[in-house]
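A short worksheet on the structure shown next.
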Amino acid sequence: MSFASEAKKEITQKKIAKPCCLRAACYGIACFAKYFDARGIVLQTELSFVAQYAQKMFGRCGVAGTVEEIARTGGAVYEFAVKAPEEVEKLHTLFGTTGREPSLQIDPRLLICQGCMAAYIAAAFLCSGTVTDPSKEYNLEILTPRTNLAKDFEALLAEHEFAPHRTRRKGVNLVYVKASGHVEDLLTFMGASSASLRLMDQKVYKSLRNQTNRRTNCDTANLSKTANANAGTLRAIQYLHEENALAALPETLRQAAEKREQYPDLALAELAQQFTPAISKSGLSHRLKKLEAVAEQMKQRKEQAAEHV
Ligand SMILES: [Zn+2]
């Protein structure tokens, strides 16, 4: 089961006791269903338990609906519907609607308490929302073709400080929450606390992994320190070349200079391996430092000579 389906499953298992909150859950289902008008309600979902949840919630409010499985090539779709005229009438009485409203907007009179808000938002998420697996990214979104409803829904989330955003994608309105803390809070608010905990676990895991990455970056920094050290030696060797000083140096130093020029990027230990017979790392280090010292002495002597002219 995907992370989103698990979160939805958890929400449908949450108990709703107060009549006002029950009605708010049904209202959320109606608003985010495929249609909700004078014909009644049709909700289509790929999750059978969401369709059953809708049927149960409406049943508890005294409105009888049907659940049907519709076979499709991409997998079955479950349809919850209230179509019988006497049930459609009860439905509109429940919400105080007619089904002939020009545009669907959230009626604040149907959201009385905090529980109502949570039930309504959770129902919207159940019917047309999704949440990305937190191992990939943090994103919770709800889709609706109804623009005024999307605006109201965004305002509702903003009121509860979930920092929502709204956009349009392929003619559909998208209300989404991206910051991990807000996705966490929203999941908890809707009743999916386990999903919220899983998200927090992922965050801890990611932050540990980032720390490891930072450490790796430090290793890379050490590598470039090596490169800088090598560059110092190479500059010294270059200077000795320019001054035709290498030939006058002992064989061991000339050899060290040659190898360093041949393998400019190798770390000291590896460079030491390039000698036949191999020499010790400290032995090589000593020779390279000697080369730098010789170059430095020559430079100073030249400068002093120049000052005396
Ligand atoms: Zn309530």
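Observations
- Taking a straight Cα-Cα cut-off under 17 Å and skipping sequence neighbours fewer than 8 places away in the same chain, the lysines within cross-link reach of LYS90 are LYS56.
- Entry note, the chain: relative contact order of 15 percent, from Cα contacts under 8 Å with a spacing of 6+ residues.
- Structure note, pairs LYS259/LYS302; LYS9/LYS83; LYS14/LYS203; LYS206/LYS281: Cα-Cα distances above 29 angstrom occur for LYS206/LYS281.
- Charge dipole (debye, nearest 20) of the chain; +1 at Cβ of Lys and Arg, -1 at Cβ of Asp and Glu: 240 debye
- When peptides 192-204, 263-275 are ranked by their average number of other Cβ atoms within 10 Å per residue, the highest-first order is 192-204, 263-275.
- Per-peptide average of other Cβ atoms within 10 Å, ordering 237-246, 253-262, 23-32 highest first: 23-32, 253-262, 237-246
- Across the range 44-200, Cα-Cα pairs farther apart than 25 Å form 36% of the total.
- Note on THR73 and GLN297: the extension gain reaches 72.3 nm, defined as 0.36 nm multiplied by sequence separation minus the Cα-Cα distance.
- Simple spin-label estimate for LYS18 and ARG209 in nanometres, 7 Å along Cα-Cβ: 4.1 nm
- Rg over Rh for the range 69-114 works out to 1.13, using Cα positions for both radii and the Kirkwood form for Rh.
- For the range 226-294, the direction-averaged projected area of the alpha-carbon convex hull comes to 4.0 nm².
- Taking the empirical scaling 2.2 N^0.38 Å for compact globular proteins as reference, the range 161-210 has a Cα radius of gyration ratio of 1.35.
- Among the trypsin sites (Lys or Arg not before Pro) in the range 27-64, those placed in a DSSP loop whose Cβ has at most 14 other Cβ atoms within 10 Å are ARG39.
- Taking other residues whose beta carbon is less than 15 angstrom from the beta carbon of LYS203, and scoring Lys, Arg as +1 and Asp, Glu as -1, yields 0.
- Sulfur and carbon atoms: percent of accessible area, the range 1-128 [1.4 Å]: 53 percent
- Within the shell of other residues whose beta carbon sits under 13 angstrom from the beta carbon of HIS165, the net charge comes to +3, with Lys and Arg scored +1 and Asp and Glu -1.
- Computed [θ] at 222 nm, helices only, for the chain once each DSSP H run of length n ≥ 4 contributes -39500 (n - 2.57): -19500 deg cm²/dmol
- Over the C-alpha atoms of the range 1-89, the Rg to Rh ratio, Rh being the Kirkwood estimate, stands at 0.97.
- Translational diffusion of the range 135-294, µm² s⁻¹ [Kirkwood Rh, Cα pairs; Stokes-Einstein; 4 °C; 1.567 mPa s]: 61 µm²/s
- Accessible area ranking (1.4 Å probe, heavy atoms, ligands and nucleic acids excluded), largest first, for ILE121, ILE106: ILE106, ILE121.
- Per-atom-type breakdown for the range 224-303 gives carbon and sulfur 50% of the accessible area (1.4 Å probe, protein chains only).
- Average accessible surface area per residue within the chain, 1.4 Å rolling probe, Å²: 55 Å²
- Two-site label geometry, ILE112 and SER5: point separation in nm, points 7 Å out along Cα→Cβ: 3.7 nm
- Stokes-Einstein diffusion coefficient of the chain, Kirkwood radius over Cα pairs, 10 °C, 1.306 mPa s, in µm²/s: 64 µm²/s
The values are calculated or read from the model by the stated rules, or taken from the named source; none is laboratory data. Computed from a predicted structure; not experimentally measured. Cβ atoms come from the backbone with ideal geometry, glycine included; neighbour counts cover every protein chain shown. Accessible surface areas use protein heavy atoms only, side chains included; no ligands, DNA or RNA. Shrake-Rupley method; radii C 1.70, N 1.55, O 1.52, S 1.80 Å.
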